[in-house]
Amino acid sequence: MSQKLKLYELPPSPNTWKARVALKYKGLPFESVAVNGQDRASLVEATGQPLTPVLMQGDTVVYDSAAILRFLDGNYRDTPRLFSSDYDTMKAIEQWEAWGRTEAVSPVRIMFGQAFAEKKDEAKIKEANEALATLSQKTEERLGENGERLVGKSMTAADVTCACVMGYGVLA
């Protein structure tokens, strides 16, 4: 695929981070298009929907960070892989990826909402940080068992997803 990649992104979003990390890990050049979180009309006009991140390549529009990771892995097979052809390894990657998108993201959603709130709720932020600290113990234990990566010896979609979600809590 030789057409230019364009990433529509809302910079503080951990989902945007996932797409950016994957693009950079694979060494793929892309144009970044910042989306105004308060006015998404230009995003809707360009992509047909209001959510970020969105990856465009010519007429192809891919939204949802998990779908973007799969699109990149399927269409840029000569770059470092985020997924595996081995069934058991793929199953483990998808389990960690799902955990990052469901359980680990719950406190991050609270923090993300607070980032755009007119008035911050310090109690909610504290509670979310405490929940994230508890959840991060699971990844720390796995890294202790497996080394530097959640699954296998090279970076996978599991690492990208969990690091971007967990990292948001540190920065929020």
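The values are calculated or read from the model by the stated rules, or taken from the named source; none is laboratory data. All values derive from a computational prediction rather than experimental measurement. Cβ coordinates were reconstructed from backbone atoms using ideal geometry, including for glycine residues, and neighbour counts include every protein chain displayed. Accessible surface areas use protein heavy atoms only, side chains included; no ligands, DNA or RNA. Shrake-Rupley method; radii C 1.70, N 1.55, O 1.52, S 1.80 Å.
Using the alpha-carbon centroid of each, what span in Å lies between the stretch 1-55 and the stretch 82-97?
25 Å
Taking the Cα centre of the stretch 23-105 as the origin, how large is its charge dipole in debye, to the nearest 20, when only Lys and Arg (+1) and Asp and Glu (-1) carry charge on their Cβ atoms?
140 debye
Give me the percent of DSSP beta bridges within the stretch 1-83 that run antiparallel, rounded to the nearest 5.
Taking every DSSP beta bridge with both residues in the stretch 1-83, the antiparallel ones total about 65 percent.
Out of the trypsin sites (Lys or Arg not before Pro) in the stretch 84-160, which ones are loop residues according to DSSP with at most 13 other C-beta atoms within 10 Å?
Lys119, Lys120, Lys153
When the helices in the chain are scored as -39500 (n - 2.57) per DSSP H run of 4 or longer and the sum is shared across all residues, what 222 nm value do you end up with, to the nearest 500 deg cm²/dmol?
Using -39500 (n - 2.57) per qualifying helix, the result is -18000 deg cm²/dmol.
One-quarter of the Cα convex hull surface for the chain, in nm²?
10.3 nm²
Could you name the aspartates and glutamates whose alpha carbon sits less than 17 Å from that of Lys18, not counting residues in the same chain fewer than 8 places away?
Partners within reach: Glu9, Glu31, Asp64, Asp73, Glu94, Glu97, Glu103, Asp159.
For Tyr25, Tyr63, Tyr8, give the ranking by accessible area with the largest first, probe 1.4 Å.
Result, largest first: Tyr63, Tyr25, Tyr8.
Past 27 Å, Cα to Cα: identify those pairs from Lys24/Lys120; Lys24/Lys126; Lys4/Lys91; Lys24/Lys91, in the order given.
Table pairs above 27 Å Cα-Cα are Lys24/Lys120; Lys24/Lys126; Lys4/Lys91.
Looking at Gly27, Val105, Leu143, which one has the Cα that reaches farthest to the positive end of the dipole of the chain (charges on Cβ: Lys, Arg +1; Asp, Glu -1)?
The residue sitting farthest along the positive end of the dipole is Gly27.
Percent relative contact order of the chain, based on C-alpha pairs within less than 8 angstrom and at least six residues apart?
Over the chain, the number comes to 24 percent.
What's the longest uninterrupted piece of the chain once you rule out the GluC sites (Glu not before Pro) that are loop residues per DSSP with at most 12 other Cβ within 10 Å?
The answer is 1-117.
Run through the DSSP bridge list for the chain and note the antiparallel percent, rounded to the nearest 5.
65 percent
For Ser13, Ser32, give me the order by solvent-accessible area with a 1.4 Å probe, most accessible first, ignoring ligands, DNA and RNA.
The most accessible residue leads, giving Ser32, Ser13.
Under 16 Å from a point placed 7 Å out from the Cα of Gln137 along the Cα-to-Cβ direction: which residues of the stretch 144-167 have their backbone N that close?
144-145
Once you have a ≥ b ≥ c as the square roots of the Cα gyration tensor eigenvalues for the stretch 56-115, tell me rounded if a/c is under 1.5, and otherwise prolate or oblate according to whether a/b is larger than b/c.
Oblate.
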